[in-house]
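The values are calculated or read from the model by the stated rules, or taken from the named source; none is laboratory data. Values in this document were obtained by computation on a predicted structure and should not be read as measured data. For neighbour counting, all protein chains shown are included, and Cβ atoms are generated from backbone atoms with ideal geometry for every residue, glycine included.
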Amino acid sequence: MTPTSPRARALLSVWFVAHVLLVVNYVLPWQEVRVLDPLSKPYVHALLLKQEWNMFRKPSRWNKFLVHEGLRSDGSVFELEPQRTKPDEPFFRVVYDRRTKVHFVVAFEKEGQEIFRPDYAEHLCREHPEAQRVRLIKRSVKHLSAKQWRRDPDRVRTEALKPLVDLDCSTVDR
C-alpha cells in the first residue's frame, strides 16, 4: 500500500531518510561522528531496535547453583537436590522448568528482598519428612580461563559457599 497524495509521499520519504540517519548514527562506533545522539538514542529505544542479548560478550566465568542440604536426627547430612535431568514427557518438563526458575529466583534474590527463601525451605521440610533441619546454600564456582588452564591444568577451580537459610523443621507444620 503506497500513499497516493504527493504530501503523504513526501512525508514518508522524510520519515524514511530520518529513520535511516538516526539508526546509522546510533550504531556508528566513532563518538565524535555521532552528532545526533540526543535524538537517535530515544528513537532507537522507543522503536525497540536495540538488542540486549549480550551474545558477543565473553561468557561469565562464574556458575552459581542453589544447594539444598538436609540434616537427619542422627546428624548425617544428605542432599535434597532434585533431579537435574529433564523428564521425557512434555507435561513433566513444565514442572521441571518451573522448578529451575524457582531455584534461580531463590538463589539470586537481592539483599533485603529475600522473601521466597524461608517459604521454600519450609516446602523442603514438608517434602522431606526425614529432615530435621534444612539449609539452602548458594554455591559459586569460578572456572579457569583458557590461558590459566593451559598454564596449569591441575589447578582447582575456585568455589565459594554462601549460606542463605538454615531452618529447623520442627517449627514447620507438616
In region 28-44, the residues that are out of contact with any helix residue (DSSP H, G or I) (no Cβ under 9 Å at 6 or more places or on another chain), surrounded by 10 or more Cβ atoms within 10 Å (Cβ to Cβ) and modelled with pLDDT under 90:
Leu28
For region 83-98, indicate whether the set of residues that are modelled with pLDDT under 90, in contact with a strand residue (DSSP E or B) (Cβ under 6 Å, 6 or more places away or on another chain) and surrounded by 13 or more Cβ atoms within 10 Å (Cβ to Cβ) is non-empty.
no
Kindly check whether there is at least one residue in region 112-128 that is farther than 15 Å from Leu167 by Cα and at pLDDT below 80.
yes
With the structure loaded, tell me whether Ala107 is modelled with pLDDT of 75 or more and not aromatic (Phe, Trp, Tyr) or whether it fails that test.
yes
